[in-house]
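Only the coordinates and a few stated rules stand behind these numbers; no lab work does. This one's a predicted model, so the numbers in the text were calculated from it and none came from an experiment. Positions of Cβ are generated from backbone atoms using ideal geometry, with glycine treated the same way; all protein chains shown enter the neighbour counts.
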Amino acid sequence: MTLHLPTLLVVCVAAVAVSAGVMTLYAGTQRTYRGFGWWIAAQWLLALGCLLQMFRDDTPELLPLANLLLLQWPVVVLGGMRRFSARHPSRVPPLADALMLGAVWLGWLAVWAAGGSVAERVAAFSGGSFVLHLYGAVLVWRMAETRISAATRMLVGVGLAAALLHALRAAAALTAPVQGAVAEGLLLASGLVIVVSALVLVYLALMLTAERSESQLREMHRQLRFLADIDVLTHVPNRRHFHELAAQALAEGVEEPCTLMMLDVDHFKRINDEHGHAAGDEALREVGRCMHEALRTQDIAGRLGGDEFAVLLPAAAVDDAIVVAGRIVERLTQRRAERGAAPLGLSFGVVLLQPGESLVDALRRADQALYEAKRQGRGCAVPAFDAEDGPVFGESRPLGLTAL
């Protein structure tokens, strides 16, 4: 097959310009991320380099600039990846990219300025392109993004494939006369590397953008779900989510015996009135943290509203639940003492769930036990047992200090 060099260059320029135009249009109409502009620049510079190659015979002084623009592609694409993955910076500084590009280009320029043969110039250019593509592929492979992004792994593959083709071109230039079919083959290989790399980058850039958008949407969904399910102040499930989790656990069958506790902060209104709502919020946060530290993974806690909390304790009898209440109070007392804050008292109502009893009924009984704990002086835990004519309360168990 006979190649017409001007036609080949026109095809390269047109193909790369179209790919650059597509990326530019996308960036102007859709949301993109850091680094996308670098990929667009790499495409336009590559198209300009191909365009200047068309005039190298009439204006030889354009050849150094043209080859520099062709060599820049893997380095500028790497620069875009550095910015796209800025949260995980590479240990190799960005300055090394420019130094690598400069060294390769100056190496080719030295061969060209010394009047080297066509084979030597082709070998110098292709050898330099091999080094730059391999350098870019290795650095992209070492990025944290590669472990989670299929597009990034594909970009590494493109870089390695281009490096291999340039290595073969350099080897062919040094081992065979650069004329006739060999020369045509080398030109065809160069054109294919340029066009394929440019076209594949369009796909990979859009794929990387889509992956990042999908990742951010998942994170936004997770955050919205967190805000919908978790009480922002105390970081325990809110009332609705506690009911969901507890009802689901009871429906699936929890290990018996199973107890339910309700607790609240003693004299919480006085804390807000005398010390301000910031002090009240901090007290609730401390209660939430202490509950988290004292409970097991299978226990379910939630904030019902105001200063009132509930805890479902599978595989725990009433005495076990009161021990857990004591641990919560102990941790709370220790935290308050460490920062010199006034003691904070908690009151607990504890009930043992009956077979077939609904969560709503159990909460009602626990609330009655909590009210009884308040009536008996606060700072204690009171168990409640069902009877035909109403709840029967057990002996109150003092738990630490009460708030003044």
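Proximity of backbone amide H atoms, modeled 1.01 Å from N, is registered between Ala316 and Cys258, Thr259 at under 5 Å, excluding neighbours fewer than 5 places apart on the same chain. You can think of it this way: the chain between Ala144 and Ser215 has 24.1 nm of extra reach, that is 0.36 nm per residue less the Cα-Cα gap.
The Leu199 and Thr175 beta-carbon pair, evaluated with R₀ = 35 Å, returns a calculated FRET efficiency of approximately 0.70. Relative contact order of the chain, taken over Cα pairs closer than 8 Å and 6 or more residues apart, is 12 percent. In sequence order, region 121-137 has phi-based couplings of 5, 5, 5, 5, 5, 5, x, x, 4, 4, 4, 5, 5, 5, 4, x, 5 Hz under the Karplus curve 6.51 cos²θ - 1.76 cosθ + 1.60, θ = phi - 60°, and Gly or Pro positions carry x. A Förster radius of 35 Å combined with the Cβ-Cβ distance from Val92 to Val118 puts the calculated FRET efficiency at roughly 0.55.
When the Gaussian network model of the chain links Cα atoms closer than 10 Å, the mean-square fluctuations of Ser117, Ser347, Ser126 top out at Ser117.
Entry note, the chain: the mean residue ellipticity at 222 nm calculated from DSSP H runs of n ≥ 4, each adding -39500 (n - 2.57), is -22500 deg cm²/dmol after division by the residues and rounding to the nearest 500.
Think of each Lys and Arg Cβ as +1 and each Asp and Glu Cβ as -1; about the Cα centre, that makes the dipole of the chain roughly 1620 debye. Given R0 = 25 Å, the distance between the Cβ atoms of Val323 and Asp281 translates into a calculated FRET efficiency of 0.30.
Rounded to the nearest whole Hz, the Karplus-based 3J(HN,Hα) values (6.51 cos²θ - 1.76 cosθ + 1.60, θ = phi - 60°) of region 298-306 follow the sequence 7, 6, 10, 10, x, 9, 7, x, x, with x at glycine and proline. A simple rule links phi to the HN-Hα coupling: the Karplus curve 6.51 cos²θ - 1.76 cosθ + 1.60 with θ = phi - 60°, which for region 104-109 gives 5, 5, 5, x, 5, 4 Hz, with x for Gly and Pro. Full extension of the chain between Gln248 and Ser358 gives 38.5 nm of extra length, using 0.36 nm per residue less the Cα-Cα distance. In this rough spin-label picture, where each label sits 7 Å from Cα along the Cβ direction, the Leu109-Phe226 distance is 5.1 nm. Largest GNM mean-square fluctuation across Ala124, Ala144, Ala342, computed for the chain with C-alpha springs under 10 Å, falls on Ala342. Under 5 Å between amide hydrogens, built in the peptide plane, is the criterion, and for Val236 it picks out Asp231 among residues at least 5 positions away or on other chains.
Here's the picture: a label point sits 7 Å out from the Cα of Ala27 along the beta-carbon direction, and within region 68-91 the residues with their amide nitrogen under 18 Å of it are 69-70, 72-86.
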